[in-house]
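> The structure follows.
Each reported figure results from applying straightforward, stated rules to the coordinates on display, with no laboratory input. Computed from a prediction, not measured in an experiment: that's the story for all the values here. Cβ placement follows ideal geometry from the backbone for every residue including glycine, while neighbour counts extend to all protein chains displayed.
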Amino acid sequence: MEEFQRIILVHYHEIGLKGRNRSVFEKRLQKNLEALLGAYPIVTIHRISGRILVFLREGTSLEAANACTDAILGIPGVARVSCGFKCEQDMEAMGRAACIALAEAEPFASFKVAARRNHTTFPIDSMQMNRDVGAVLCEAFPAKKVQMKGQDITVGVEVVEGSTYVYARSERGIGGLPVGSSGTVVSLLSSGIDSPVALWRMARRGAVCVGVHFSGRPQTSDASEFLVDDIARVLERTGCIGRVYVVPFGDYQREISVSAPPALRVILYRRLMFRVAEEIARRERAGALVTGESLGQVASQTLDNIRATDASVAMPVLRPLIGSDKLEIIDQAQALGTFEISSMDAPDCCTLFMPRNPETHAKLEDVEAAEAAFPLEAWVTELADAAEPRDYRCPAYRPPKKRPA
């Protein structure tokens, strides 16, 4: 039988600055953790002083505890995750727990102890705990070096609410705010590299994200739709996406390409996409649109073209990648786990009926004049009604009520 129960301490940073609203953010993070960690050997999850505490089942292996820790690291709102043990408020027990935790952290060459007590009812102060636990560890690990700066491992000892939590493995999470604490956004989601990263950045700021994918179907194959589904499966592991709407857009692009000036096609495509996304956002009770645009990266992303596109909608358009270069975006896509999927070749609406020389400095009056030939209001309703929803695991997402027939 194990002497100590395995636990995982979930630390947060930005949530701790929320003042009177802090408990709302804490409860949202707790609910997200409970929903997303159902596959792991967890007994219960509850809040303690400045932390969220995850209790693991008796007999949980180190490998299973580490797997659960890894899953928590990617959940928005989590600043740090520490995997260790719960023990009594007793120095001898703390020393034994610290020895076990440090042994599981091999390989390492140097360590230090960082103790803290949240309640002064425990008579031994933090400095004395550091010395006492450190002495036990020095005796148990004579070949290891105590090092106050630049150490390989920090052994944490936290006395909180009648118990002590001891850990050695502690890793930085992605931070931010828990999904569900900042409203809902609708994100234009292609099968490319940029837009999944943009969506993820908004989820990291606490937004519930709903994707809209414009497929070139029936003018192209539906290959991009499968890639977007694979991307959404990656994002849902950490609760970052609630739903994706697939909009069959190809026939409408063809209509535009037949009548519109070739140089303005891209702007007209995007203005129609924005209008459809805005209509879907209204139905989803969302507060903003999100795109993966980066300033100057392609023809549609110049300041003039961005201005001409934004003028088609009343809703705010957020661009979390606007100041990022491609290498930065690729690095984040690789860390997120979507890069390999996005690197697969698939025809989609972005490459359909593209002009040889797209306009890079569109004038709004020219765009609106070209648009006047099309029944845009009818098209927006048709496309929004034809959008095919697919739901994903996001604890904070609540689908809209079905519209009456």
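> What is the fewest-to-most order of C209, C394, C99, C138 by other Cβ atoms lying within 10 Å of their Cβ?
Working: C209 30, C394 24, C99 19, C138 14.
Arranged by neighbour count, lowest to highest, C209, C394, C99, C138 become C138, C99, C394, C209.
> For segment 36-111, what is the relative contact order in percent, using Cα pairs closer than 8 Å and at least 6 residues apart in sequence?
This gives 18 percent for segment 36-111.
> Looking at segment 66-131, which chymotrypsin sites (Phe, Trp or Tyr not before Pro) are in a loop (DSSP not H, G, I, E or B) and have at most 14 other Cβ atoms within 10 Å? Write down the numbers at each step before the final one.
Numbers: sites: F85, F108, F111; in loops: F108.
Listed in order of number, the matching sites are F108.
> Expressed in nm to one decimal, what extension gain is obtained for the pair M148 and L73 from 0.36 nm per residue of sequence separation less their Cα-Cα distance? Write out the running numbers ahead of the final one.
On the way: separation 75, 0.36 × 75 = 27.00 nm, distance 2.58 nm.
Between M148 and L73, full extension yields 24.4 nm more.
> Roughly what % antiparallel, to the nearest 5, for the DSSP beta bridges in segment 5-172?
So the antiparallel bridges in segment 5-172 amount to around 80 percent.
> Before anything else, pin down the relative contact order of segment 287-333: Cα pairs under 8 Å, at least 6 apart, normalised by residue count, whole percent.
The value is 49 percent.
> Only bridges with both residues in segment 184-391 count here: give the DSSP antiparallel percent, nearest 5.
Approximately 20 percent, going by the DSSP bridge assignments.
> Could you please tell me the mean projected area of the C-alpha convex hull for the chain, averaged over all directions and given in square nanometres to one decimal?
23.1
> Oh, and also: Give the long-range amide H neighbours of I153: residues separated by 5 or more places, or on another chain, with amide H under 5 Å away, using H modelled in the peptide plane at 1.01 Å from N.
Result for I153 returns S110, F111, K112.
> Now for a different question. Estimate the FRET efficiency between D229 and A39 by the formula 1/(1 + (r/R0)^6), using the beta-carbon distance for r and 22 Å for R0, to the nearest 0.05.
That pair, D229 with A39, gives E of 0.60.
> Compute the length gained on full extension between N357 and S49: take 0.36 nm times their separation in residues and subtract their Cα-Cα distance, giving the result in nm to one decimal.
104.9 nm
> With label points built 7 Å along Cα→Cβ from the Cα atoms of R22 and F374, find their separation and express it in nm.
Output for this residue pair reads 5.2 nm.
> With a 10 Å Cβ neighbour count serving as the proxy for reagent exposure, in which order, fewest first, do T154, T120, T220, T338 appear?
Fewest-to-most ranking of T154, T120, T220, T338: T120, T154, T220, T338.
> Moving to a separate point now. Provide the FRET efficiency to the nearest 0.05 for the E58-F108 pair, computing r from the beta carbons and using R0 = 35 Å. Walk me through the numbers on the way to the answer.
Numbers: r = 27 Å, r/R0 = 0.78.
That gives a FRET efficiency of 0.80.
> Do any trypsin sites (Lys or Arg not before Pro) in segment 115-155 lie in a DSSP loop with no more than 15 other beta carbon atoms within 10 Å, and if so, which?
Filter output for segment 115-155: K149.
> Can you give the percent of C-alpha pairs in segment 5-172 whose distance is more than 20 Å?
51
> Run lengths n ≥ 4 of DSSP H only: what is the helix-derived mean residue ellipticity at 222 nm for the chain, with -39500 (n - 2.57) per run over all residues, to the nearest 500? Provide the component values of the computation, followed by the final result.
Numbers: 13 runs with 151 residues, N = 405.
Using -39500 (n - 2.57) per qualifying helix, the result is -11500 deg cm²/dmol.
> Looking only at the chain, where both bridge partners belong to it, what percent of the DSSP beta bridges are antiparallel (to the nearest 5)?
55
> Starting from a Cα-only point model with no solvent, please compute log10 I(q)/I(0) by Debye for segment 100-236 at q = 0.12 1/Å.
-0.70
> Restricting to Cα pairs below 8 Å that are 6+ residues apart, what does the relative contact order work out to for the chain? Please round to a whole percent.
Details: 823 pairs, mean separation 68.4, N = 405.
For the chain, the relative contact order is 17 percent.
> Next question. Work out from phi, with θ = phi - 60° and the Karplus expression 6.51 cos²θ - 1.76 cosθ + 1.60, the ³J(HN,Hα) of each residue of segment 151-166, listed in order in whole Hz, and give x for Gly and Pro.
Along segment 151-166, the couplings run 5, 6, 9, 10, 8, x, 10, 10, 9, 9, 6, x, 10, 10, 10, 10 Hz.
> What FRET efficiency do you get for D125 and L295 if R0 is 51 Å and r is their Cβ-Cβ distance, rounded to the nearest 0.05?
That pair, D125 with L295, gives E of 0.45.
> Check R243: other-chain or 5+ apart residues with amide H under 5 Å from its amide H, H built from backbone geometry?
Result for R243 returns G211, Y392.
> Right, here's the next one. Using the Karplus curve 6.51 cos²θ - 1.76 cosθ + 1.60 with θ = phi - 60°, work out ³J(HN,Hα) for each residue of segment 202-216 in order, rounded to whole Hz, and write x for Gly and Pro.
6, 4, 5, 8, x, 7, 7, 9, 10, x, 10, 10, 8, 8, x
> Based on the Kirkwood radius over alpha-carbon pairs, what value in µm²/s does the Stokes-Einstein equation return for the translational diffusion coefficient of segment 184-391 at 10 °C and 1.306 mPa s?
Taking Rh from Cα pairs, D becomes 94 µm²/s.
> Can you tell which of A362, A67, A207 shows the greatest fluctuation in a Gaussian network model of the chain with Cα springs below 10 Å?
A67
> Pick from V228, V179, V43 the residue whose mean-square fluctuation is largest in a GNM of the chain, springs joining Cα atoms under 10 Å.
Looking only at V228, V179, V43, the biggest GNM fluctuation is shown by V43.
> Grab the other residues whose beta carbon is less than 10 angstrom from that of E293, score K and R as +1, D and E as -1, and report the net.
Result for the neighbourhood of E293: +1.
> When the chain is fully extended, how far beyond the present Cα-Cα distance does K401 get from R172, taking 0.36 nm per residue of separation?
The K401-R172 span can extend by a further 78.6 nm.
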